[in-house]
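Heads up, the thing below is written out as structure tokens.
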Amino acid sequence: MRILFVQSYLGKNAPQIYPIGLVWVASCVTGHKIRIVDLNFYEKPFDELTKALTDFRPDVVGVSLRNIDNHNRINTSYFYENFRKIVKQIKEVAPNVRLIGGGAAFSMYIREIMERNSAIDFGVFLEGEEILPELLANLDHPESVKGIYYRKNGQVIFSGMRALPDLTRVPRPKRELADMSGYARKRLSIGVQSKRGCPLDCSHCNYPFLNGKAVRVRPPKDVVDEIEAMVNEHGVREFMFVDPVFNVPKEHAEEVCREIIRRGIKVQWGAYLDIRNADEGFLVLAREAGCMDYMFSPDGASAGALAALRKGITKEDIARTVRYFKQNPKLKDTFVYLGFFMSGPGEDFWGLLETLAFWAQLRWTLRGRGRPFVHWIRVEPETEVYRIALEKGVLTPDTQLLPDTAEGLKKVFYRQPSLKYVDFLLVALHSSFWKRQLLALAGAEKKT
């Protein structure tokens, strides 16, 4: 069969990210002709989709939806709207193809998406490396394949759960399936995955739902083999570890770093990190292995917020980590990201002031080499924050987490009820701050 894999279009302002998930799934499909199209790489994505369908003439089309939206309450982008247009267009141009949906965002809302989009024939739930090859061999008998949603007598049926794949048995992604040259020019747009699963218990996050709470690691040698091949075969020198948290477990991350150093591979990379495992020794080791972008999600600063978000850290833990970057000369050329939530669960007025004051302090401390930022929690299914939002009346049982329009999306951000009288001030301050940031960036680009 001829199989066309499509990375859903996110919008003209969305960053161009190498479709590592799609490439990894496609790498597990054998005995078929394969083509991958990332619609985010084209000025006219819908024209490119039509061209791919007419030129390649696929029997099966798989569409990956990586993100539902941009998690931005002020400048909202609703990627799901483009996804709906894409699946509709596919069946209009090629009505006889079998259309399969997948991806992390698709899995979060898989039943709702399939019930609202009749053009989709099958849905792959969670990780597709083992599911998709099996489904392709059983398109006429989907009920025999665990881990999929399919249609029968006008109903959407789930075939049942299956175990998540053992990463030591999944083949290395075939990077040549999607040309890397364009992405290589964009910092941190190419992903490498060394593990899946997250044992942390953050109340707003659905990674444990999507990848499981048990961490499944790849052998460090295999991870670095992949990095070395990207360097030697594709000229890639910058990448991002797209693990939920790179340094959990810490020992595995250290082994990966030491293997990069041992081989003398000259690369620069970034990673999401857990503050509890980010002692000074680890941060320096990561820098020696090429880490330039250290990304943390403390999410809160006040004791109430940190407890409600189940972070397991204190404000002093955050401050101590930042001091490492200020005081250790081996970390002087790195960049630090820290994310905080406003008006989240457990926050009161004084806690909000504490969070904003700490954010401002960090901006000064890390000026020129760090980016602390504040935003709101986008409530998602299968999270503790969703339960809290229902309990506190922030959302109602009728609130659609997958709304029909972008305007409806603005209703699914958590806003602490006790802070509702200052919410308009937070919105105004946030909007004003980012407007100034964008104007400054535009001015800098104009000068260059």
Leading residue by the ranking (surrounded by the fewest Cβ atoms within 10 Å (Cβ to Cβ)) among those in the range 73-83 that are part of a loop (DSSP other than H, G, I, E, B) and out of contact with any strand residue (DSSP E or B) (no Cβ under 7 Å at 6 or more places or on another chain): Asn75
Restricting attention to the range 36-69, which residues are assigned to a helix (DSSP H, G or I) and under 30 Å from Trp376 (Cα atoms)? Leu39, Asn40, Phe41
Selection from the range 177-204 of residues touching a residue at least 24 places away in the same chain (Cβ under 8 Å), more than 30 Å from Leu309 (Cα to Cα) and out of contact with any helix residue (DSSP H, G or I) (no Cβ under 8 Å at 6 or more places or on another chain) yields Tyr183, Lys186, Arg187
For the range 162-175, name all the residues that are of a type in the set (A, V, I, L, M) and in contact (Cβ under 8 Å) with a residue 40 or more places away in the chain. Leu164, Leu167, Val170
Pair list, Cβ under 6 Å, 6 or more apart: the range 50-68 residue assigned by TED's automatic domain parsing to the domain that holds Asp140, other residue surrounded by fewer than 17 Cβ atoms within 10 Å (Cβ to Cβ) and in a loop (DSSP other than H, G, I, E, B): Asp59/Met1; Val60/Met1
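Please go through the range 363-396 and give me each residue that is under 25 Å from Ala104 (Cβ atoms) and either modelled with pLDDT under 95 or not hydrophobic (A, V, I, L, M, F, W, C) (or both), ordered by number.
Residues of the range 363-396 under 25 Å from Ala104 (Cβ atoms): 371, 373-390, 394-395.
Passing the criteria: Arg371, Phe373, Val374, His375, Arg378, Glu380, Pro381, Glu382, Thr383, Glu384, Tyr386, Arg387.
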How many residues does the range 7-42 contain that are more than 23 Å from the chain's Cα centre (by Cα) and more than 18 Å from Leu99 (Cα to Cα)? 2
Out of Ile86, Ile113, Ile157, I need the residue that is assigned to a strand (DSSP E or B) and surrounded by 14 or more Cβ atoms within 10 Å (Cβ to Cβ). Which one? Ile157
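Can you list the helices (runs of 4 or more DSSP H) lying wholly within the range 239-344 that have 2 or more residues being among the basic types (Lys, Arg) and in the same structural domain as Asp225 (by TED's automatic domain parsing)?
Details: elements: 250-263, 280-288, 303-308, 315-327.
In the range 239-344, the matching helices (runs of 4 or more DSSP H) lie at 250-263, 315-327.
What's the total number of residues in the range 126-161 that are of a type in the set (Val, Ile, Thr), over 18 Å from Met1 (Cα atoms) and either in contact (Cβ under 8 Å) with a residue 24 or more places away in the chain or touching a helix residue (DSSP H, G or I) at 6+ places or on another chain (Cβ under 7 Å) (or both)?
Just the residues of the range 126-161 that are of a type in the set (Val, Ile, Thr), to begin with: 131, 145, 148, 156-157.
Those still in the list that are over 18 Å from Met1 (Cα atoms) too: 145, 148, 156-157.
Within this subset, residues satisfying the condition of being either in contact (Cβ under 8 Å) with a residue 24 or more places away in the chain or touching a helix residue (DSSP H, G or I) at 6+ places or on another chain (Cβ under 7 Å) (or both) are 145, 148, 156.
Of the residues in that region, 3 qualify.
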Name the single residue that is surrounded by the fewest Cβ atoms within 10 Å (Cβ to Cβ) among those in the range 256-310 being charged (D, E, K, R) and within 20 Å of Phe325 (Cα to Cα). Glu288
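The values are calculated or read from the model by the stated rules, or taken from the named source; none is laboratory data. Computed from a predicted structure; not experimentally measured. When we count neighbours, we look across all protein chains shown, and the Cβ atoms used for this are built from the backbone with ideal geometry, even at glycine.
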